[in-house]
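Q: Take a look at this one; I'll ask things after.
Every read-out reported here was derived from the displayed coordinates using simple, explicitly stated rules and does not represent laboratory data. In this text, all values refer to a predicted model and were calculated from it rather than measured experimentally. With ideal geometry, Cβ positions are generated from the backbone for all residues, glycine too; neighbour counts draw on all protein chains shown.
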Ligand SMILES: [Zn+2]
């Protein structure tokens, strides 16, 4: 499966998500953590979704996660050259992200729930670098 | 909420269902509303409260010539109409209005006069979900299911039996879109849409509408049909982002909404004669049966596969054929409510014997919201 990165809908950051996209631009997957209750959370917001504290800080994720669930879409999409998996990835830090899976066959036999994954960053434009995931140990 | 203090006295769908290219979306609202008024023996001037989703209540009220005392435009997806029922009960009980009209109309197939629904690129979905190739509900609503199957031990064949069971009900319903019986093998070998969902495990895409009329119970006997009393209701929301469900194998909104409705109605599951669980996709009845407490964890798949929800089974479910076989315009909740009303009235195409309690459970968005309505006959009021 190949992705035509010129056809991927490009995210538009808001003031609350700017740090995330600034992070991927420099090779970091940034999450947020509550200083009061230690919850690590995603997607970005300037307060803790567990205790509502505004005392939060930005933390860098390890980039390691595992495959929580997925579907394999069979219908054509301009950014993909064939059937492709839309995946949910559980990060080590306890948050979940949607993504696609690179450097692996897009089949039920290849995509095994709970398989270890690692983040890989792909530029969509000069300003936006999008996180994807691939099997851990891949060299992309 | 007081139990049984408000009743549904008018209920109808659009004259036609399926492919209706000669009607705009707002006219589908009006066609259903006029049919519901005729069903209740009421005129338009009797309506003083309007609730709707998909169109604005202002637009629907004006189109129908109503100047309301009360409006509700709660729009949380396909279960919005369950929430409208709940809010209408509160409004009528507290005297804000006397007679509420709830309308739904959707040109889901023909797209005549229907607005768009795309997330902005700056919304959280636009930033953190849309780049990954989701193409609407078939690829997003379906995302949690492999986790559900793994955690609960439910099989793909058991999930396929949802579509098989509902097709059996649809076969008894002349208005159903798909009536030909199917087998589990046929469901599993049907065209793949988004693995593991084949075409027959995804909802239909059709046009249609429906409307309900509610009044206080003390005058509900004065109408042409058997009143259908509202015994209990519930509502909740979880997240607009499927990736952020707290647990991919259970819906928080289902649990909160369902438990609230049961506690208001003061009944236990054994009292339920008939059940509707909004089925945009085949996994939803599995989540619904478990999250509403009809089945234990991991038991819903076998429960359906063993035939318990079929005609003659001990818990008849989705008796109009459901979103998989009856119709699905996009916001299916109204059709589930209509079928519960017909079952309690005793007028359904595939009528279940003596329905005194019907539970009607809806989902909004993609596990984003939920609404539950428990209806009863005069025997259970
Ligand atoms: Zn906190």
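Q: How would the stretch A:86-129 be classified by its alpha-carbon gyration tensor: rounded, prolate or oblate, with rounded meaning a/c under 1.5 and the a/b versus b/c comparison settling the rest?
A: Oblate, because a/c is 1.5 or more while a/b does not exceed b/c.
Q: So which residue, out of B:36, B:261, B:121, gets the largest mean-square fluctuation from a GNM of chain B using Cα contacts under 10 Å as springs?
A: Looking only at B:36, B:261, B:121, the largest GNM fluctuation is found for B:121.
Q: Can you tell me the order of B:174-180, B:83-89 when each peptide is scored by its average per-residue count of other Cβ atoms within 10 angstrom, highest first?
A: Output ranking for B:174-180, B:83-89: B:83-89, B:174-180.
Q: Using Cα pairs closer than 8 Å and at least 6 residues apart in sequence, work out the relative contact order for chain B, in percent.
A: 26 percent
Q: Considering every residue in B:186-197, what mean count of other chain Cβ atoms within 10 Å of its Cβ is obtained?
A: Partner-chain Cβ atoms within 10 Å, mean over residues of B:186-197: 3.
Q: Over the whole of A:97-103, what's the average partner chain Cβ count within 10 Å per residue? Rounded to a whole number, please.
A: For this peptide, the per-residue mean of nearby foreign Cβ atoms is 4.
Q: Sticking with this one: What nm distance separates the two modelled labels at residue A:113 and residue A:58, each placed 7 Å from Cα along Cα→Cβ?
A: A separation of 3.5 nm, rounded to one decimal place.
Q: Now for a different question. Going by alpha carbons, how many degrees (0 to 90, nearest 10) lie between the helix axis of B:156-170 and the longest principal axis of chain B?
A: 30 degrees
Q: Just report the Cα centroid separation between the stretch B:348-380 and the stretch B:237-266, whole Å.
A: The two parts, judged by their Cα centres, are 16 Å apart.
Q: Tell me, what is the percent relative contact order of the stretch A:14-135, built from C-alpha pairs under 8 Å that lie six or more residues apart?
A: Value for the stretch A:14-135: 22 percent.
Q: Along the Cα→Cβ direction, 7 angstrom out, place labels at residue A:138 and residue B:16. What is the inter-label distance in nm?
A: A separation of 4.9 nm, rounded to one decimal place.
Q: Sorting check: for B:288-299, A:5-16, which peptide has the highest mean count of neighbouring beta carbons within 10 Å, and how do the rest follow?
A: B:288-299, A:5-16
Q: List, largest first, the extents of the alpha carbons of the protein assembly as shown along their principal axes, each in whole Å.
A: 74, 49, 46
Q: Calculate, in whole percent, how much of the Cα-Cα pair population of the stretch A:14-135 lies beyond 24 Å.
A: Cα-Cα pairs of the stretch A:14-135 separated by over 24 Å account for 33 percent.
Q: Can you check how the C-alpha radius of gyration of the stretch B:58-197 compares to 2.2 N^0.38 Å, as a plain ratio?
A: 1.42
Q: Still on this model: Based on the Cβ-Cβ distance from residue A:92 to residue B:379, what FRET efficiency comes out when R0 is 45 Å, to the nearest 0.05?
A: My answer for the efficiency is 0.20.
Q: Also: What percentages make up the Cα-Cα pair-distance distribution of chain B when the bins are 10 Å wide from 0?
A: Values per bin, smallest distances first: 6, 26, 36, 24, 7, 0.
Q: Mind giving me the FRET efficiency for residue A:66 and residue B:112? R0 is 30 Å, r the Cβ-Cβ distance, nearest 0.05 is fine.
A: FRET efficiency, residue A:66 to residue B:112: 0.05.
Q: Tell me whether the stretch B:245-381 comes out rounded, prolate or oblate; compute the Cα gyration tensor, take square roots of the eigenvalues as a ≥ b ≥ c, and use a/c under 1.5 as the rounded threshold.
A: The shape class here is rounded.
Q: Please check which bits of the stretch A:30-52 a label hung off residue B:119 would reach, taking the label as a point 7 Å along Cα-to-C-beta and the cut-off as backbone N under 11 Å.
A: Under 11 Å, as judged by backbone N against the label point of residue B:119, lie A:43 of the stretch A:30-52.
Q: Taking R0 as 56 Å, what's the FRET efficiency between residue A:50 and residue B:216 from their Cβ-Cβ distance, rounded to 0.05?
A: Approximately 0.85, to the nearest 0.05.
Q: Of the peptides B:217-229, B:358-370, how do they stack up when ordered by the mean number of other Cβ atoms within 10 Å, highest first?
A: B:358-370, B:217-229
Q: Next question. Could you work out how much longer the chain between residue B:172 and residue B:271 gets when fully extended? Use 0.36 nm per residue separation minus the Cα distance between them, nm to one decimal.
A: Taking 0.36 nm per residue and subtracting the Cα distance, the gain is 33.1 nm.
Q: Between the stretch B:1-37 and the stretch B:194-235, how many Å separate their Cα centres?
A: 9 Å
Q: What do you get for the angle between helix B:80-93 and the principal long axis of chain B? Use alpha-carbon atoms, 0 to 90 degrees, nearest ten.
A: For helix B:80-93, the angle is close to 30 degrees.
Q: Another question, if that's okay. Run the numbers for residue B:96 and residue B:306: contour at 0.36 nm per residue of separation, minus the present Cα-Cα distance, in nm.
A: Answer, rounded to one decimal: 70.9 nm.
Q: Just checking the output field for A:58-68: average partner chain Cβ neighbours within 10 Å of each residue's Cβ?
A: Counting Cβ atoms of other protein chains within 10 Å of each residue's Cβ and averaging gives 1.
Q: Let me ask something else. Quick check: Cα centre of the stretch A:99-129 to Cα centre of the stretch A:1-62, how many Å?
A: Going from one Cα centre to the other spans 18 Å.
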